[in-house]
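Undergrad: First, the structure itself, so that you have it in front of you.
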């Protein structure tokens, strides 16, 4: 009886978590503009429960790193990631956040996974909002399954 | 585009005020470029701004150039782009610097807009600007070593601030 | 309204607030260290470079035509304008004259990009002062223009549509109809925003008289664009040094009086109407013909020819592998971008890669004045001011 109760409770909690992800838009560059389109009325992320963008790491559970991260910004990224409470997920939006993009340069971090673990990578420069929805849905699937495998999905 | 007549006026006035400091005048694709002696840059800029006929009241840009891979009289140069809103003419001033100590007088006292542009030239090239109010790195992070836009700086050499995670 | 500011000796007793680099109300990665006495800013130390992506170094390591995608990412709210800026700089260096149709298409898309850039600025500025609804109103026209750009070149935001000597492909057949549909729909969105905001007591209280800038101050700091025009200086590169037949179009330069945050908002709204006027006239007079110059040294051949014709294949190969080789020389080319005068200073050593590229970003000059201008304002005013300056870090930090 107890086991059935806890598994059903887990399912309920996971349903709650994945349908009410509160993103922290760590937007730096062009991908942030596509992120703004993602939350605007045309694409409307509110349908998926993730429209409550909270810029405070204490209040959010999903960090969407949208844009190039430079070496100057890296300590801030690490600090904000560390300040988020568990459970937390990270979507690396765009080519620059995933791998440095086409900036093989002296000040650009070649992917945020140098310093923080990433759950979903979204390729594109910038990825269209549809790609970002795909990433969000994939993340929701991952939360449903309960796993933490890294997934590359285009 | 500054017309030929205006260009002649600018050059004539400068040559009459600073006969030894105007080293070369070129016009390529309509851009007037004047090569000046770096020792006199402050006086020349002040004259360009205050003279009623020239009236270059806006400093658009200050940047550094590294001529390591091109033939030129010195390695580093500072380039100033100026514009006059009333007269609608533009000029580019270039001053080559001494290779061992690339130093030039700051023009912040003449145009406030020179402030951050000179800091950027210092950050990316290592050009020192005398009497600059706050000559610190601006674009790269404070723990960066070297001057990245120099030709002998490898474009992929990073100085990461956070350790890679395992 | 003047507020008393405490002397700097008391700096140690003041509260230090770090604003940024990630903050909902800094549009991009700006860092401002504000020393506060209560709510009043005593000293503000701005810091930039958090998005320094080494654009100028990348230019030195890439051939001329592959620099184009990097320019998209400069002012990423109006990407096409940066493409035009770069194409103009290289075309000036080469002494190349582009076709009339290309000029008109570049003008039309430039003005559409100006409108959408102003939409972002106004939308996000209003969100910061508390008016969220206008953000949705402002982003809907962006989607319409994105659809047009997608039809032209396949990309929404970072279009990479210009080529040196023209455009990468011709405009679609329904370009005229699509543009006219957008022009018909746009005024409604601008009127909706104006109806809610322009005479709104709260907005006027928050923005009128905040950060007034005199014309002399603005010129001394090197300001250009809407921020300069809000101070009363009618300087617009399109009128002062017309390019691409801008002197043939009938449009005016809106200016403000005080240079405060309210005036900057009004100037941007007025500029959007003027841009629509220019687009209408350009669509009327859109000439026929090719969009690229006929010169194999610079223009990529059509893809069908590359796959069927040996000369085109060799031409394509040479352009990709060796690039274009402009003459030795230096040029400074400038356009009126959405934020002000966007300049490209380009030095060529005759090789296939630019020797030195310096971008003169309009918001670099605008933001450096903030250290001088912010003390005396309250922290809430700071947010309104930063939003009104339209700082785009891609351009500022390059």
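Undergrad: Of the DSSP beta bridges with both residues in the range A:18-146, give the percent that are antiparallel, rounding to the nearest 5.
TA: Numbers: 1 of 14 bridges.
The antiparallel proportion sits near 5 percent.
Undergrad: Quick check on the range C:55-397: take the gyration tensor over C-alpha atoms, sort the square-rooted eigenvalues as a ≥ b ≥ c, and tell me if it's rounded (a/c under 1.5), prolate or oblate.
TA: Numbers: a/c = 2.21, a/b = 1.58, b/c = 1.40.
In terms of gyration-tensor shape, prolate.
Undergrad: Can you tell me the relative contact order of chain B? Whole percent, Cα pairs under 8 Å, sequence separation 6 or more.
TA: Numbers: 283 pairs, mean separation 29.2, N = 166.
18 percent.
Undergrad: Per-residue mean of other chain beta-carbon atoms within 10 angstrom of the beta-carbon, peptide A:96-106? Could the numbers behind the result be given before it?
TA: Values: counts 2, 0, 0, 0, 1, 2, 7, 8, 6, 13, 15.
Mean inter-chain Cβ contacts per residue within 10 Å come to 5.
Undergrad: Right, here's the next one. Along Cα→Cβ, 7 Å out, is where each label goes; now give me the distance between the ones at residue C:18 and residue B:99 in nm to one decimal.
TA: The two pseudo-label positions are separated by 4.3 nm.
Undergrad: Can you classify the range B:72-116 as rounded, prolate or oblate using the Cα gyration tensor, where a ≥ b ≥ c are the square roots of its eigenvalues, rounded means a/c under 1.5, and otherwise it's prolate if a/b beats b/c and oblate if not?
TA: Taking the square roots of the gyration eigenvalues as a ≥ b ≥ c, the range B:72-116 is oblate.
Undergrad: Just to confirm the number: angle between the C-alpha axis of helix C:175-197 and the first principal axis of chain C, 0 to 90 degrees, nearest 10?
TA: On a 0 to 90 degree scale, this one is about 0.
Undergrad: Fully extended, how many nm does the chain gain between residue C:294 and residue C:66 (0.36 nm per residue separation, minus their Cα-Cα distance)? Present the calculation step by step, with values, prior to reporting the outcome.
TA: On the way: separation 228, 0.36 × 228 = 82.08 nm, distance 2.02 nm.
Length difference between fully extended and current span is 80.1 nm.
Undergrad: Taking the number of other C-beta atoms within 10 Å as the exposure measure, put B:96, B:18 in order starting with the fewest. Please list the in-between numbers first.
TA: Details: B:96 21, B:18 15.
Arranged by neighbour count, lowest to highest, B:96, B:18 become B:18, B:96.
Undergrad: Measuring from label point to label point, each 7 Å out along Cα→Cβ, what is the residue A:6 to residue C:317 span in nm?
TA: 6.8 nm
Undergrad: For the range B:1-137, what is the percent of antiparallel DSSP beta bridges, rounded to the nearest 5?
TA: Working: 21 of 28 bridges.
For the range B:1-137, the DSSP antiparallel bridge percentage is about 75.
Undergrad: To continue, here is another question. Compare C:15, C:321, C:144 in a GNM of chain C, Cα atoms joined below 10 Å, and give the one with the largest fluctuation.
TA: C:321
Undergrad: Ignore the peptide's own chain and count Cβ atoms of other chains within 10 Å of each Cβ in B:109-115; give me the average, rounded. Mind dumping the intermediate values first?
TA: Numbers: counts 0, 1, 4, 9, 11, 4, 7.
Other-chain Cβ atoms within 10 Å of each residue's Cβ, averaged: 5.
Undergrad: If we count other beta carbons within 10 Å of each Cβ, what is the order of B:6, C:336, C:280, B:53, fewest first? Walk me through the numbers on the way to the answer.
TA: Working: B:6 19, C:336 26, C:280 16, B:53 10.
Going from least to most buried by this count: B:53, C:280, B:6, C:336.
Undergrad: Test of understanding: ordering C:314, C:81, C:68 by Cβ neighbours within 10 Å, fewest first, what list do you get?
TA: Numbers: C:314 13, C:81 27, C:68 21.
Ordered from fewest to most neighbouring Cβ atoms within 10 Å, C:314, C:81, C:68 come out as C:314, C:68, C:81.
Undergrad: List the residues of the range C:265-303 whose backbone N lies under 17 Å from a point placed 7 Å from the Cα of residue C:97 along the Cα-to-Cβ direction.
TA: Inside the label zone: C:287-295.
Undergrad: Let me ask you something else. Could you check what % of the DSSP bridge pairs in the protein assembly as shown are antiparallel, to the nearest 5? Could the numbers behind the result be given before it?
TA: Numbers: 50 of 72 bridges.
Just about 70 percent of them are antiparallel.
Undergrad: Continuing with the same structure: Using only alpha carbon pairs under 8 Å that are at least six residues apart, calculate the relative contact order of the range A:18-146 and give it in whole percent.
TA: Numbers: 248 pairs, mean separation 33.1, N = 129.
This gives 26 percent for the range A:18-146.
Undergrad: Okay, helix-only estimate at 222 nm for the protein assembly as shown: each DSSP H run of n ≥ 4 adds -39500 (n - 2.57), divide by all residues, round to 500 deg cm²/dmol; what do you get? If you can, show how the numbers build up before the last one.
TA: Numbers: 25 runs with 287 residues, N = 718.
It comes out at -12500 deg cm²/dmol, rounded to the nearest 500.
Undergrad: Apply the a/c threshold of 1.5 to the C-alpha gyration tensor of the protein assembly as shown and tell me whether it is rounded, prolate or oblate. All intermediate terms of the calculation are to be shown ahead of the outcome.
TA: Values: a/c = 1.44, a/b = 1.28, b/c = 1.13.
Rounded, since a/c falls under 1.5.
Undergrad: Defining a contact as two alpha carbons under 8 Å apart and six or more residues distant in sequence, what relative contact order in percent does chain C show? List each step's numbers first, then the result.
TA: On the way: 742 pairs, mean separation 107.2, N = 398.
Relative CO of chain C lands at 27 percent.
Undergrad: Additional query: Can you work out the FRET efficiency for the pair residue B:143 and residue B:37, with r the C-beta to C-beta distance and R0 = 35 Å, to the nearest 0.05? Mind dumping the intermediate values first?
TA: Working: r = 36 Å, r/R0 = 1.04.
The pair residue B:143/residue B:37 has a calculated efficiency of 0.45.
Undergrad: Measuring from label point to label point, each 7 Å out along Cα→Cβ, what is the residue A:141 to residue C:192 span in nm?
TA: So the label points at residue A:141 and residue C:192 sit 3.5 nm apart.
Undergrad: Helix A:74-83 versus the longest principal axis of chain A: what angle, 0 to 90°, nearest 10, using Cα atoms?
TA: Once rounded, the angle reads 10 degrees.
Undergrad: Which of C:352, C:312, C:333 moves the most in a Gaussian network model of chain C with Cα springs under 10 Å?
TA: In this elastic network of chain C, the residue with the biggest mean-square fluctuation among C:352, C:312, C:333 is C:312.
Every number in this text was worked out from the coordinates using simple rules, so none of it is lab data. This is a predicted model, so every value here is computed, not measured. No Cβ is skipped: glycine too gets one built from the backbone with ideal geometry, and neighbour counts run over all protein chains shown.
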